[in-house]
Every structure is written in structure tokens, then in C-alpha cells.
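Single-structure report; data block below.
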């Protein structure tokens, strides 16, 4: 009897989209981020995708010293694969965004495949009271802000990280981003297996309709073939599990976490990242699939191992 397919679950712990006033459960301090990441790993996440925040205000930061305390704690207590953002936030320069990946040489780093509108301002219709002065302007300003990821920016990240063995979670928010990835494969700056994270439901990117999900998969299959890429999806907000279910039924892997959605059901805030991972594990197992371990993910993605990182 054939062995059931193994599914990589990534958990994005805190991100740079949601602000602290939106949920009391959003991890902010290094201690909170570490505990939440370890809890997600214990619940079944093979990979944790990590951003840092100012521990007082909760504002996103790419200062390497803000990452180091939780990186050391996670590595000491878990074998989970660590994925560091190079996205940071749309308000940061490319030089600042890549600093943690260059400093710590993680097994995986995220990499966005195109400049785009990234609209957070509709959240102002739901959230009116903010604890920190930066939150409202950060959301308001997103209607005039471009999340910059030019060809030169992408090449800069790939070339700067080329000699440290870091592989990339390649984030594609629209169909054109897949063609940009194919361009960098042709240039020899990215090599298979490609770990493609398709993002659905962000204002400015592709939608979350089932036809959008299917179109992303069909296009990537045509560009990269069946064997040279590993597909994962994230659905923003209420799209999280519906998009995950469709991808799982079509050979994909899934990403959950409080970066992507604060919710664990209609009108109910998720209290931990582990809660969302547990729901994703249940979905995987109910479909007759197996949850991949961190070492399974390392084999599937061709990773260098957590003994070769610099933290």
C-alpha cells in the first residue's frame, strides 16, 4: 500500500500586517515570539516563519539584535526549521529587510517576487482604537505605499545570500510573480526544488476564489514541471482554511499563523499560533495525509540543516 503524502505545515508567528491593538494574542516580545514558535512546532509545524517587533510598541523591525534572543531560544528547544523574513514591512528599505538573513544564515528565508500595492487600510473600518501612535498611520498610509520588490531588489537578496546555503520560501502574490520566478531560474540565481508560497486574498494581489487557486497551480506546473517545485499556500484572514483545503486536495502544503489570520473561527480570535496549526493538522489527517516533520521538510526542500545556521 502506497505511503500517504507528507504535508509541510508552515506557521507564520507574528508578521508585519496586524498591529498589537488588533489582538491581545499577537506575539510581540522576544519571549512571546519564542514561546509561540515552539508551541506551533510542538503542535505540528515543520517550519516557523519569523518577523521581529519592538518589544514595547510592537512595531515591525528588522534589527538583527531584535531577532537573536528568540532565534537562540527556538534553536535550543526545538528542531523546527526556521524561516526568516526578507519582506520585513513595505515601509522598510531592501538593505534593512535582508539584514537578519545575512546575519544569521537561516535554512530558509522568504523572498517576494514582485512590487505591488499592499492595502491594509480597509482594516481601519474594523479597528478604531489603537494603543500605539504608529498603528493608525501605518494602516492609513498603505493606500499610497508600494511594497517594493524590483528585479534589482530580488537579485540583490539572491546574490547577497548565495554563499550561505539559505534556500527561499518564494512568495507569489499574483500570476506575474511566477513568471518573475521563472526569469530568475533562467538566470541561474534560483535552483530547484523551488518552494513556492502562493498568497491569496491580500488587497493588491490575486483573490481567493477557487479558480484563482487553480490558476496559480496550473501556471506553476506549466512553468516549473511536476518535480522541480513544492507548492504551499496561505489564505489571508477568513480564507485561511478554505484555501488550505483546496491546495491539500491538489498536492499542496499549507501555511497558517497569526501573521496571516488572527482568527480561529467566525468572530473568535485565535489565542495561540498552535491553535491554528492544530486545525491545519486535523485537516491534513482528515484527508488521509500525513503531517511532515521538520526533517521531512528538510529532505523535501533540500535544506542544509539547522547545524549550519549562525545563531
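Laboratory data are not the source of any read-out in this text; all were calculated from the coordinates shown. Everything numeric in this text was worked out from a predicted model, so none of it was measured. Reconstructed Cβ throughout: ideal geometry from the backbone, glycine too, with neighbour counts over all protein chains shown.
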(message) Under the 0.36 nm per residue contour assumption, what length would be gained going from the current alpha-carbon distance of residue 250 and residue 310 to full extension?
(response) 18.0 nm
(request) Neighbouring Cβ atoms within 10 Å as the yardstick, rank 21, 208, 198 fewest first. (result) 21, 208, 198
(message) Using Cα-Cα distances under 8 Å and only pairs 6 or more residues apart, what relative contact order does region 6-308 have, in percent?
(response) 24
(message) I'd like the FRET efficiency for residue 72 and residue 93, computed as 1/(1 + (r/R0)^6) with the beta carbon distance as r and R0 of 41 Å, rounded to 0.05.
(response) 0.95
(request) Answer rounded, prolate or oblate for the chain, using the Cα gyration tensor with square roots of eigenvalues a ≥ b ≥ c: rounded when a/c is under 1.5, else prolate when a/b is larger than b/c, else oblate. (result) rounded
(message) Can you say what percent of the DSSP beta bridges in the chain, counting only those with both residues inside, are antiparallel? Round to 5.
(response) 15
(request) Please label the shape of region 248-311 as rounded, prolate or oblate, based on the square roots a ≥ b ≥ c of the eigenvalues of the alpha-carbon gyration tensor (a/c under 1.5 means rounded; beyond that, a/b larger than b/c means prolate, else oblate). (result) oblate
(request) Rounded to the nearest 500, what is the 222 nm mean residue ellipticity of the chain from helices alone, with -39500 (n - 2.57) per DSSP H run of 4+ residues and division by all residues? (result) -11000 deg cm²/dmol
(request) Please give, to one decimal in nm, the separation of the simple spin-label points placed at residue 155 and residue 54, each 7 Å out from Cα toward the Cβ. (result) 3.5
(request) Using a Förster distance of 30 angstrom, determine the FRET efficiency expected from the C-beta separation of residue 215 and residue 31, and round it to 0.05. (result) 0.10
(request) Could you list 36, 23 in order of exposure, starting from the residue whose Cβ has the fewest other Cβ atoms within 10 Å? (result) 23, 36
(request) Kindly provide the Kirkwood hydrodynamic radius of region 15-115 in Å, to one decimal, from all pairs of distinct alpha carbon atoms. (result) 13.7
(message) Please list, in order, the residues from region 115-132 whose amide nitrogen is less than 20 Å from a point placed 7 Å along the Cα→Cβ vector of residue 144.
(response) 116-125
